[in-house]
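Single-structure report; data block below.
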Amino acid sequence: MAVAPPSDSGDGRDRLKRCIRDLSALNALPSLCVGRTPAEALEIVADALPTALDCELVYLMLPGDPADERGSLRRAPLSPDELAEIRAVTATDSDGADAQLFLSGGRLFCIEAEIPIGGERGRLLAGRRTPLDPETDRVQVRTAANVVGTIVESANVLEVARRKDDFLAMLGHELRNPLAAIVTAVELQKHRRTGGREAEVIERHTHHLVRLVDDLLDISRLARGHVELRSEPVPLGSILERAVETAAPLMSRSHHVLEVGEASDIIVQGDPVRLTQVFSNLLTNAAKFTPSGGRIEVVVQRVPGRVRVSVRDNGAGISPDQMDRIFEPFVQADRARDVLRGGLGLGLAIVRNMVRRHGGSVSVHSEGRGQGATFIVELPTATAARTPKPARQPQPAAARAHIRVLVVDDNLDLADLLSEALQSEGFQTAVANDAGGALARWRTFLPHVGVLDVGLPDLDGYELARTVRAEHGRGATLIAVTGYGQPTDRQRAADAGFDVHLVKPVNVDDLIDVLDERLITQEE
């Protein structure tokens, strides 16, 4: 290939100024591609390079099977024939020297550079009708090749991460379906007072599995920014009380001594569910790493405008090399031991994210292995809390006898078990396993309440709800049951005509509370 002579247009100073200007434009390209898919990033690059390089031809060949070829000539996309011609020339040129091409009846002077993408190499060819400067133009083309490689590699990494998050979210959702049937079966045994110790073991480990699934869903939502927080004044004491209830079974089995400081008169601003999750995660973590008979303390201290809550244990402790990474996702202090204790290494990552989103901070201190650990959470305080609603009194079974409930779920085991559980509490029930069967059963059973799975095979739960509303009005209470629980999911259910939104696995007692509320409303 012929080597192009240097351009004699303009002086060296002007060329240098243009080079600096165009290099600045090239280095701004990555910021335009942040958060883009690989295809979107390439479109931005292909559109920007002719201007940034002040050239008429841009040809990109990116490694793959098959290779990804694209480019433009005088702002028009390269035709298949032009791509084939460039491919043939560059395939025989392995020395990276400058080239002359004859495309569309005209001669182009070109400079070529390798595009580094991981361990592979692509090619960038840039050309114009006037000779290119062998110094400034070559610097620009090589810089552009490196920038393109960085953009493509970063976009590919982010795409893999996004697919991983999508997979985790889908996995968590799919795991909820079999878990819902197991949880309902266990609760039915508990209501019937059958099963004995075996049922207690199943219940304990099922709730542990539910917790793992919730962590999977939370970490994928956090990664995609899909967790929305409710903000309200709430007593810190009630948050700690609910957190202790969550961790109590684990502590009880290990005979831990738990001491919780007084916090009933301290008000924090935030989401009570998520703040409870923060402290239950910390307490559960302390219980997992504290030996039988160990001590766990929750110390509450007031500081100006904030409250400091320390969760201390005298357990396994944390080595210095793990202190900086303990809050990262999927990191565990001692993986060999943690496998036995259970967990995915997500709890502390969720804690850090939730605390930060509440305007607080979290840190950890440990003297080392065997010296225990202290996790310190600081949160802003608020001034007043809403008066909590009094707990609703459960209704006697006789009062529920006239309430008809239609359970619709394509999981036959779950539908039957949920129906049995409601019958044991005094409700009349019927079961359907698809939308068509539900509509037919509705016309004969005339339920007061419909408990509808959203993911039905023929007609989804949203369309079923709309059809029920169109045919039967708003007299009945519709309860959506789904594996998705984000605010957008709840809004979609409300738009379809649902009155209540429950997330799988549904707690039977929570469902009964909703039904009792329906019963009281009817009586009023």
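The values are calculated or read from the model by the stated rules, or taken from the named source; none is laboratory data. As the structure is a prediction and not an experimental result, all values here were calculated from the model. FYI the Cβ positions are ideal-geometry reconstructions off the backbone, even for glycines, and counts take in every protein chain you see.
Within region 78-163, considering only strands (runs of 3 or more DSSP E) that don't extend past its boundaries, which have at least 3 residues that are modelled with pLDDT of 85 or more?
Values: elements: 99-103, 106-117, 120-128.
Per the criteria, 106-117, 120-128.
Against the conditions (1) under 17 Å from residue 355 (Cα atoms); (2) exposed (fewer than 13 other Cβ atoms within 10 Å of the Cβ); (3) modelled with pLDDT of 85 or more, residue 267 satisfies every one except (2).
Residues in region 452-509 that are under 24 Å from residue 416 (Cα atoms) and either charged (D, E, K, R) or in contact with a Pro (Cβ under 8 Å, 6 or more places away or on another chain) (or both): 453, 458, 460, 463, 476, 499, 504, 509.
Kindly establish whether residue 408 is over 16 Å from residue 515 (Cα atoms) and among the hydrophobic types (A, V, I, L, M, F, W, C). Answer is no for this residue.
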